[in-house]
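A.B. asks: Submitted below is the structure of interest, expressed as structure tokens.
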């Protein structure tokens, strides 16, 4: 460390410490503020007084803008900041509401309802006024009771257990109950539901992770099995929760998912694994990263923040998937020769062929991703 | 006023007063924070240290998120709030600067100034009051005149022409002129600049495409060649335009770029090429796509919307790059056995090993990409 550098460190550390200490104080004050606001809300509710009044919020903003100027703070900045604080108080109060039920009081059995995805659906059903029962390995001895008069049995268990659980639960189901599953493959589970249960059957695959708090604009694929009319209330409920429903056959679904899920996740896994294998200097690499690379590397990092066994189930789900992934790896070895012979022209030809195949989606993607990168830049 | 109402007023007033007093304290703390931040900025400038670094901001956010939980505050709320605070500090520093010229009227020769990247820099220099001259193949016969008394010669030509152009232009340069290039590799060009030109030399690599209108928060790598002091006005100008400067050696730069550019683009190319090769039904696949997959596929589509020869230059730039890409392909073949033997456990072990290697970046990436997906949902 040079003398100049040491001098800099000596001067900057107390300043940084001071900023950290200010941030801690701000944080405690915000926590205290939250407590006080909750008391006000409680008091208002007890006196049946409307909790929010836009005019009051504007008063607060006006006062803070004036105070800011006395402190040499930008009033617009202070307003932005308090809009975030006010929005947070409001969100905390409204979170619980929403969610109308299509068939409130209908009885729903969620099999695997303590898992992440099962838990999400159980919560959504409860919020919408359904009578939700949860069946897990622990209370399997009560399966018969729990199935009594249910309107829907929703199977949400790991892929490799789905078929067995369907077989086991079917004998307990009322004949007219809707049997549905949330598995990310559809051929086997729907086939099993149709052969084990005589009533309505619906395959369902939510194309999102279980960490969402809201289904708004998320896609759910349904593959109808039997008596579609009897499952319409359920599909309608999914739509009311904000989901977009795409209908498909089990064959088409599974084929597309090989690409959308298995291949994509596997390619991402391979990229991350290679970076790790080579002991790439991740943090230095990030310092060299423009927003777009940060976003792309973020997509890789994102995968590894999630559950390894979930992804192993997705990737290894069927022999078809494993064959596709092998095909992918082997297809890459076709490019070795191009690299060895430094054949740029071949690369350009292939590139343009693919570009043509992507067609208008490329330009669309360019626009969408540019929009997102701008958002990323604005924010970070 | 009813008795109940009076009672309510008596109870609510102290709560409101307390909230007001908390808000005043927060405001003073923010003012103090602003003062401290200004001191840090002053100190950094005095020591020629880049003022902002996105990675440092992410560290702050991560720490505050953890602290929030201890205070029963929503971490997302705290993050939103500090994004506003951080943005404000940054805006305050860059506001005044933007188009200010560090050395207005200095004479700049942009070699390749009608190309995309050269054109972007020419425009930026012109806006900041520099005297800009453009040299291309068409007016090469005027090279000697155009080089007269220039302060900076900026080489912005395709990778494969860079070395030759440097050789050709150097004899015309005033001995004290700064010679810099914008090539995405640095070892060869900087080596060539040092041997052809006796004056100050700086390698520059802007980590973004030429379609930007503003450099705000974009990263530019510099690899000093000779007489760094004489190039400081140029680096300062880049900072004033909003760019984040990262300093490196030519070796380190090229090594990291093998990953950040070559490997990343090549992996994306391979994925797109495989989808095309298999004749995947792209549009149906998109109907089955949750926002995250749409975003990921968009990153692939985006590549193919761009210039094939630019990417061929990036990917095939050096023998080291081609060797790395070959290594990548061969490293994937290691996974064939795991797929053939359906070895989920091996996948899980590798996955967790990589997750550990990614460390806190994974969670950060999860948050960043979730934020973007929300933006995507809001918009589309």
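A.B. asks: Between B:218, B:261, which is modelled with pLDDT under 90 and in contact with a strand residue (DSSP E or B) (Cβ under 9 Å, 6 or more places away or on another chain)?
C.D. replies: B:218
A.B. asks: Right, another one. Residues in the range A:337-351: is at least one out of contact with any strand residue (DSSP E or B) (no Cβ under 8 Å at 6 or more places or on another chain), facing chain B (nearest Cβ under 7 Å) and touching a residue at least 24 places away in the same chain (Cβ under 8 Å)?
C.D. replies: Within the range A:337-351 (the criterion being out of contact with any strand residue (DSSP E or B) (no Cβ under 8 Å at 6 or more places or on another chain), facing chain B (nearest Cβ under 7 Å) and touching a residue at least 24 places away in the same chain (Cβ under 8 Å)), the answer is no, since none of the residues qualifies.
A.B. asks: Inside the range A:279-294, can you point out the residues that are facing chain B (nearest Cβ under 8 Å) and not in a helix (DSSP H, G or I)?
C.D. replies: Within the range A:279-294, A:280, A:281, A:288, A:289, A:290 qualify.
A.B. asks: Can you say whether residue A:255 is surrounded by fewer than 21 Cβ atoms within 10 Å (Cβ to Cβ), at pLDDT below 95 and within 14 Å of chain B (Cβ to nearest Cβ), as far as the supplied structure shows? I'd like the intermediate steps shown before the answer.
C.D. replies: Numbers: surrounded by fewer than 21 Cβ atoms within 10 Å (Cβ to Cβ): yes; at pLDDT below 95: yes; within 14 Å of chain B (Cβ to nearest Cβ): yes.
The answer is yes for residue A:255.
A.B. asks: Also, quick follow-up: Kindly check whether there is at least one residue in the range A:186-198 that is within 26 Å of the chain's Cα centre (by Cα), part of a loop (DSSP other than H, G, I, E, B) and closer than 20 Å to residue A:314 by Cα.
C.D. replies: Scanning the range A:186-198, I find at least one residue that is within 26 Å of the chain's Cα centre (by Cα), part of a loop (DSSP other than H, G, I, E, B) and closer than 20 Å to residue A:314 by Cα, so the answer is yes.
A.B. asks: With surrounded by 21 or more Cβ atoms within 10 Å (Cβ to Cβ) and part of a helix (DSSP H, G or I) as the only criterion, which of B:330, B:297 stands out?
C.D. replies: B:297
A.B. asks: When you go through (1) modelled with pLDDT of 95 or more; (2) touching a helix residue (DSSP H, G or I) at 6+ places or on another chain (Cβ under 6 Å) one by one for residue B:231, which number turns out not to apply?
C.D. replies: Residue B:231 satisfies every listed condition except (2).
A.B. asks: So which of A:171, A:189, A:158 is surrounded by fewer than 24 Cβ atoms within 10 Å (Cβ to Cβ) and closer than 25 Å to residue A:257 by Cα? Before you say what the answer is, go through the steps one by one.
C.D. replies: Working: A:171 fails: closer than 25 Å to residue A:257 by Cα; A:189 fails: surrounded by fewer than 24 Cβ atoms within 10 Å (Cβ to Cβ).
Exactly one of A:171, A:189, A:158 is surrounded by fewer than 24 Cβ atoms within 10 Å (Cβ to Cβ) and closer than 25 Å to residue A:257 by Cα, namely A:158.
A.B. asks: Within the set of pairs 6 or more residues apart or between chains, which connect a residue that is not assigned by TED's automatic domain parsing to the domain that holds residue A:57 inside the range A:34-45 to a residue that is in a helix (DSSP H, G or I) and crowded, with 16+ Cβ neighbours inside 10 Å with Cβ atoms less than 8 Å apart?
C.D. replies: Nothing qualifies.
A.B. asks: Given (1) buried (at least 21 other Cβ atoms within 10 Å of the Cβ); (2) under 23 Å from the mean Cα position of the chain (by Cα); (3) over 30 Å from residue B:151 (Cβ atoms), where does residue B:271 come up short, assuming only one miss?
C.D. replies: Result: residue B:271 passes all but (2).
A.B. asks: So which helices (runs of 4 or more DSSP H) are wholly in the range A:96-181 and hold at least 1 residues that are closer than 21 Å to residue A:309 by Cβ?
C.D. replies: A:116-127, A:159-169
A.B. asks: Further, regarding this structure: What pairs come up if the first residue lies in the range B:1-12 and is closer than 12 Å to residue A:43 by Cβ, the second is at pLDDT below 85 and assigned to a loop (DSSP other than H, G, I, E, B), and their beta carbons are under 7 Å apart, counting only those six or more places apart or on different chains?
C.D. replies: Listed by first residue and then by second, the contacts come to B:4/A:47; B:8/A:47.
A.B. asks: Kindly list the number of the only condition in (1) modelled with pLDDT of 85 or more; (2) more than 7 Å from chain A (Cβ to nearest Cβ); (3) farther than 24 Å from residue A:286 by Cα that fails for residue B:28.
C.D. replies: The single condition residue B:28 does not satisfy is (2).
A.B. asks: Still on this structure: For the range A:274-291, enumerate the residues that are in contact (Cβ under 8 Å) with a residue 24 or more places away in the chain and touching a strand residue (DSSP E or B) at 6+ places or on another chain (Cβ under 9 Å).
C.D. replies: Answer for the range A:274-291, where residues must be in contact (Cβ under 8 Å) with a residue 24 or more places away in the chain and touching a strand residue (DSSP E or B) at 6+ places or on another chain (Cβ under 9 Å): just A:291.
A.B. asks: Name the residues in the range A:245-255 that are outside any loop (DSSP other than H, G, I, E, B) and within 11 Å of residue A:187 (Cα to Cα), would you?
C.D. replies: Within the range A:245-255, A:250, A:251, A:252, A:253, A:254, A:255 meet the criteria.
A.B. asks: Identify the residue in the range A:300-319 that is in contact with a helix residue (DSSP H, G or I) (Cβ under 6 Å, 6 or more places away or on another chain) and more than 7 Å from every other protein chain (Cβ to nearest Cβ) and, among all such residues, is surrounded by the fewest Cβ atoms within 10 Å (Cβ to Cβ).
C.D. replies: Taking the candidates together, the pick is A:314.
A quick yes/no check of all residues on (1) at pLDDT 90 or above; (2) surrounded by fewer than 17 Cβ atoms within 10 Å (Cβ to Cβ); (3) away from chain B (no Cβ under 13 Å):
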position: A:62; (1), (2), (3): no, yes, no
position: A:81; (1), (2), (3): no, no, no
position: A:92; (1), (2), (3): no, yes, no
position: A:100; (1), (2), (3): no, yes, yes
position: A:103; (1), (2), (3): yes, yes, yes
position: A:118; (1), (2), (3): yes, no, yes
position: A:133; (1), (2), (3): yes, no, yes
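A.B. asks: Here's another thing I want to ask about it. Checking the condition outside any helix (DSSP H, G or I), assigned by TED's automatic domain parsing to the domain that holds residue B:133, within 20 Å of the chain's Cα centre (by Cα) and buried (at least 22 other Cβ atoms within 10 Å of the Cβ), which residue from B:242, B:203, B:225 passes?
C.D. replies: Sole residue among the options that is outside any helix (DSSP H, G or I), assigned by TED's automatic domain parsing to the domain that holds residue B:133, within 20 Å of the chain's Cα centre (by Cα) and buried (at least 22 other Cβ atoms within 10 Å of the Cβ): B:203.
Per-residue answers, yes or no, for (1) buried (at least 21 other Cβ atoms within 10 Å of the Cβ); (2) in a helix (DSSP H, G or I):
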position	(1), (2)
B:216	no, no
B:235	yes, yes
B:263	yes, yes
B:276	no, yes
B:321	yes, yes
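A.B. asks: Residue by residue through the range A:333-349, note down the ones that are more than 14 Å from residue B:267 (Cα to Cα) and in a helix (DSSP H, G or I).
C.D. replies: Taking the range A:333-349 and keeping what is more than 14 Å from residue B:267 (Cα to Cα), we get A:337-338, A:340-346, A:348-349.
Across the range A:333-349, the qualifying residues are A:337, A:338, A:340, A:344, A:345, A:346, A:348, A:349.
The values are calculated or read from the model by the stated rules, or taken from the named source; none is laboratory data. Small disclaimer: the values here were computed from a predicted structure and weren't measured. Positions of Cβ are generated from backbone atoms using ideal geometry, with glycine treated the same way; all protein chains shown enter the neighbour counts.
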